[in-house]
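Written out below as structure tokens is the structure these notes cover.
The values are calculated or read from the model by the stated rules, or taken from the named source; none is laboratory data. Nothing here was measured: the structure is a model prediction, and the numbers come from that model. Positions of Cβ are generated from backbone atoms using ideal geometry, with glycine treated the same way; all protein chains shown enter the neighbour counts. The accessibility values were calculated without ligands, DNA or RNA, using every heavy atom of the protein model including side chains. Shrake-Rupley method; radii C 1.70, N 1.55, O 1.52, S 1.80 Å.
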Amino acid sequence: RSRIRTTTIISGMGPTRLRGGLRGMSRARRVILEIGSRYPRLAKRESARWAQHFHKNPRAFLTRIVKTWPRADQQLFQRPEVFDLFLQDFHQVFTEGAGPDTFAQDLRFYRNYGIDPSELPADQNVTLWHGLDDIIVPPAMAWRMALALPTCELHLVPGGHFVAITVADQIITRIRQQLDAVSTAMR
């Protein structure tokens, strides 16, 4: 019997094959997902190209990307501590990590999770938190996942893809409540 009773996913990408899950995603992002998930070498090459641009001028690279995000995320990334933290993450991915390989692996995974969400055990609750203005992973994905999962709690909240930063207190409070409930039920 599994010890996992509850899982929380924030702005998560479900399987791209979920009908209607990509509604609201730009055509360019859909093409990247489709081509990248089918042709991992091409995805690695593109990610390596991004790494080269990042190394030339990390701040300019991130600034260009942020401009493609929803207004809520653009405003969030005007906060220096958020921008700098994400810049450090990019540095880890593109300098210390295996960015191109990881990117290609993620895209393949989004195409085929290897399990249908509806096959998860009903006694394992999944809680989804998703920004209503997210265009990176559209809210339609969270909605479709909520419909597919046997036991799901969905929180659609104002904000973009990085909504975890703005509603962290709510998320933490809910996780604590869920863990307390699991602990009480196991006694």
inquiry  = Which of the numbered conditions does residue 23 fail, given that it passes all the others? Conditions: (1) of a type in the set (D, E, K, R); (2) within 20 Å of residue 70 (Cα to Cα); (3) touching a strand residue (DSSP E or B) at 6+ places or on another chain (Cβ under 8 Å).
reply    = (3)
request  = With respect to residue 119, determine if the residue is open to solvent by 60 Å² or more (accessible area, probe 1.4 Å) and over 21 Å from residue 13 (Cα atoms).
outcome  = no
ask   = Which of the following residues is out of contact with any strand residue (DSSP E or B) (no Cβ under 6 Å at 6 or more places or on another chain), at pLDDT 85 or above, open to solvent by 10 Å² or more (accessible area, probe 1.4 Å) and of a type outside the set (A, V, I, L, M): 108, 144?
value = 144
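For segment 19-40, state whether one or more residues are in contact with a His (Cβ under 9 Å, 6 or more places away or on another chain) and open to solvent by 30 Å² or more (accessible area, probe 1.4 Å). Break it down into steps so the answer makes sense when it comes.
Applying the first criterion (in contact with a His (Cβ under 9 Å, 6 or more places away or on another chain)) to segment 19-40 yields none.
No: segment 19-40 contains no residue that is in contact with a His (Cβ under 9 Å, 6 or more places away or on another chain) and open to solvent by 30 Å² or more (accessible area, probe 1.4 Å).
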query = Looking at this structure, is residue 136 part of a loop (DSSP other than H, G, I, E, B), under 26 Å from residue 58 (Cβ atoms) and modelled with pLDDT under 95?
reply = yes
remark   = Counted residues in segment 50-76 being within 15 Å of residue 136 (Cβ to Cβ), open to solvent by less than 60 Å² (accessible area, probe 1.4 Å) and touching a residue at least 24 places away in the same chain (Cβ under 8 Å) come to 6
